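Only one structure is covered here, and it is reproduced in the block below.
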Amino acid sequence: MGLAGAQRATLKKFHIEAKTDWEDFLYEGNSYPLRHLSAHSVIYQGEKDTYKFVVTYGLHCFAKDAQEHSLSLTYSDARETRQINLERYYASKNLRAIIENLDQNKLMYETATEKYFNIELINSLNGELEPYKVCFHFFKENRLLRMHVTSAFFDREGKKITNKSCSIFKIAKDTKDRPRNRGIPKETRNR
């Protein structure tokens with residue numbers, strides 16, 4: 001069993017309430033793999049503590065209805081059905097590397113409902129560098145630190161970020177210090 005297989009086997013024993021593997025989809029005779037959105041773990045080494053998160057992904061990382069690059073093909077998880085969006089799909093292939101490097105001075109921002117950050121990413125469909133927004137929920141589930149990517153997309157609204165920023169280490173510490181199973185966000189229960 002390779003490393004990826006060993007990680008998947010390990011994640012299954014965690015009994016998390018989220019989809020851990022996404023099935024490939026077919027469109028116009030071509031197969032589009034979604035293995036890059038399989039659940040995995042990530043470790044952030046801080047100055048005082050080490051934080052290990054189980055990372056899962058939501059449907060909105062590669063699907064969005066009624067947009068320019070949305071297909072007539074839909075995809076479902078346990079919560080909803082949406083049109084596959086090729087722009088989001090191709091960009092989602094970068095998510096794992098982005099998440100594995102969150103400890104490299106990327107600041108996160110917080111609203112009442114989510115945490116997110118913006119980076120510059122090349123859009124595979126037009127070749128341009130654009131702002132890419134990644135949205136998360138952080139919580140504890142069965143003694144595990146969880147990170148669920150709820151959505152990821154090219155942010156063309158151009159809104160100025162006015163929220164207070166913090167590092168992944170602050171979020172990790174706050175998540176670790178929370179009581180266990182205080183509440184699992186409904187968006188993360190997608191299996």
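Observations, loosely collected:
- Considering only alpha-carbon pairs that sit under 8 angstrom and 6 or more positions apart, the relative contact order computed for the range 21-160 is 21 percent.
- Counting protein heavy atoms only, the range 79-151 has 42 percent of its accessible area on carbon and sulfur, 1.4 angstrom probe.
- A 1.4 Å probe run over the protein chains yields, for the chain, 55 Å² of accessible area per residue, whole-number rounding.
- Cross-link pairs beyond the 31 Å C-alpha cut-off, checked among 48/159; 19/160; 64/106; 19/173: 48/159; 19/160
- Estimated translational diffusion coefficient (Stokes-Einstein, Kirkwood radius over Cα pairs, 10 °C, 1.306 mPa s) of the range 57-108: 132 µm² per second.
- Compactness index (Cα Rg / 2.2 N^0.38 Å), the range 131-178: 1.37
- Only Cα sites of the chain enter the Debye sum here, all with the same form factor; the resulting log10 I(q)/I(0) across q = 0.17, 0.20 1/Å is -1.22, -1.63, listed in q order.
- 10 Å Cβ shell holding at most 12 others, DSSP loop, GluC sites (Glu not before Pro): longest site-free stretch of the chain: 69-127
- Each helix, a run of at least 4 DSSP H residues, gives -39500 (n - 2.57); summed and divided by the residues of the chain, these come to -4500 deg cm²/dmol at 222 nm.
- Scalar couplings 3J(HN,Hα) for the range 65-74, obtained by applying the Karplus form with A = 6.51, B = -1.76, C = 1.60 to θ = phi - 60°, are 6, 6, 10, 3, 9, 6, 8, 6, 8, 10 Hz; x denotes Gly and Pro.
- What the Cα atoms of the range 22-68 give is an Rg and a Dmax of 15.9, 51 Å.
- Convex hull volume of the Cα atoms of the range 71-162, normalised per residue: 137 Å³.
The values are calculated or read from the model by the stated rules, or taken from the named source; none is laboratory data. All values derive from a computational prediction rather than experimental measurement. Quick reminder, even Gly has a Cβ in these numbers, built from the backbone with ideal geometry, and neighbours come from all protein chains shown. Just so you know, the surface numbers come from the protein's heavy atoms only, side chains and all, with ligands and any DNA or RNA stripped out. Shrake-Rupley method; radii C 1.70, N 1.55, O 1.52, S 1.80 Å.
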